[in-house]
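Throughout, read-outs are computed from the coordinates displayed, never taken from laboratory work. Treat the numbers as computed from the prediction; the structure is a model and nothing was measured. Please note: Cβ atoms are built from the backbone with ideal geometry, for glycine as well, and neighbour counts cover all protein chains shown.
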Amino acid sequence: MDYNMKNTDKWHRLLSLLKTFAYEKREVTLASGQKSNFYINCKQASFMGESHYLIGELFYSLLSQVEKENSFQACGGMALGAAPLLSALSLTCFLNKRELPAIIVRKDIKEHGTKATLEGEKPVAKNSKVLLLEDVITTGTSTIKAANALQKNGFIVDTVLALVDRKAGGQENLAKNGLKLYSLYNLEDFTCVK
Ligand SMILES: O=P(O)(O)OC[C@H]1O[C@H](OP(=O)(O)OP(=O)(O)O)[C@H](O)[C@@H]1O
Ligand SMILES: O=C(O)c1cc(=O)[nH]c(=O)[nH]1
C-alpha cells in the first residue's frame, strides 16, 4: 500500500521528534534478548502532547486507508509502549465523530483487585475486530503475545499498525501468525541522512 500520509509535514515532524527524543545510538539488549547498537525508545516522545497529536492524526489517516479493505470496532496493544498510541488514536477517532475504544494488554496479570490481563475491554463487544497498535516491531513476539491475549478473550485480531518496523523479521513472524503489518516508519527513516 502507498501510504498517503508518508512524507507529509506531520509525518516529518513526528520523525524529527522520534529522532530527537527516542533514537539512541548505544549498546542495548532487546526484548528478544538480541544485542543491538541502537535503540528506539518511542515512549520518550510518544507521551508528549505534540507527538500524541501527530500519532493520533497519522494513525487515523492510516486506519482510513486500511479500512478500505477491513473495518475495526476497537484498538488494542501491549503495555507500556502501545498505551499512548491507543489513547491518541481513540481520542482522534472521537474528534472525528467515531468511537474506537482502546484495550490495553497488561504484560503481567494483575495479582490483586480485578486480576485482569486486559483493561478497557468493557465497552467492546465480544467478537469485535480489534486493530492492534505497537510502537516498535523487532521480532514481533510482543505483538503476537498481545494478539493472543486479545484473541483468548474473544476478540478478532488480524491487523497491526506500528510506529516503527526495525526490519528484523517481525513482519514475517507476524504474517506466520495471521497478522498483517502496516508501519509509519522503518529503520531506514532513522538512519538515512537527510
Ligand atoms: O518485536 P519484539 O522483539 O517483541 O520487540 C519489540 C517490543 O519491545 C518493546 O517493548 P518492551 O518489552 O521493551 O516493553 P515496554 O513497552 O514496557 O518498555 C516494544 O515496545 C515492543 O513491544
Ligand atoms: O526490540 C526491542 O526490544 C526494542 C527495540 C527498539 O528499538 N525499541 C524498543 O522499544 N524495543
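Using the membrane-span-like helix rule (whole DSSP H runs, Cα extent along the own axis of at least 20 Å, mean Kyte-Doolittle hydropathy at least 1.6), which helices of the chain qualify? Going by DSSP H runs, there are no hits.
Compute the relative contact order of segment 112-194 as a whole-number percentage, counting only Cα pairs closer than 8 Å that sit 6 or more residues apart in sequence. Reported relative contact order: 29 percent. Equivalent-ellipsoid semi-axes for segment 91-137 (Cα gyration tensor, √(5λ), whole Å, largest first): 23, 14, 10.
Ranked by how many other Cβ atoms sit within 10 Å of their own Cβ, fewest first, the residues 5, 48 fall in the order 48, 5. The value obtained for segment 67-188, namely the Cα convex hull volume divided by the number of residues, is 109 Å³ per residue.
Neighbour counts of C-beta atoms inside 10 Å place 14, 133, 179 in the sequence 179, 14, 133, starting with the fewest. Neighbour counting of Cβ atoms within 10 Å sorts the residues 106, 98, fewest neighbours leading, into 98, 106. With each label modelled as a point 7 angstrom along the Cα→C-beta vector, the residue 186-residue 97 pair spans 3.7 nm.
Given R0 = 30 Å, the distance between the Cβ atoms of residue 35 and residue 119 translates into a calculated FRET efficiency of 0.35. Averaging the sequence gap over all C-alpha pairs within less than 8 Å and six or more residues apart, then dividing by the number of residues, gives segment 9-191 a relative contact order of 17 percent.
Longest stretch of the chain clear of exposed loop sites (GluC sites (Glu not before Pro), DSSP loop, at most 15 other Cβ atoms within 10 Å, sites excluded): 112-194. Sort out the exposed loop chymotrypsin sites (Phe, Trp or Tyr not before Pro) in the chain (DSSP loop, at most 16 other Cβ within 10 Å) and tell me the longest stretch that has none. Answer from the scan: 48-194. For segment 9-135, what does the alpha-carbon gyration tensor say about shape, rounded, prolate or oblate, given a ≥ b ≥ c as the root eigenvalues, a/c under 1.5 as rounded, and a/b over b/c as prolate? It is oblate, given that a/c is not under 1.5 and a/b is not larger than b/c. What percent antiparallel are the DSSP beta bridges of segment 9-191, to the nearest 5? Here the share of antiparallel DSSP bridges comes out near 25 percent.
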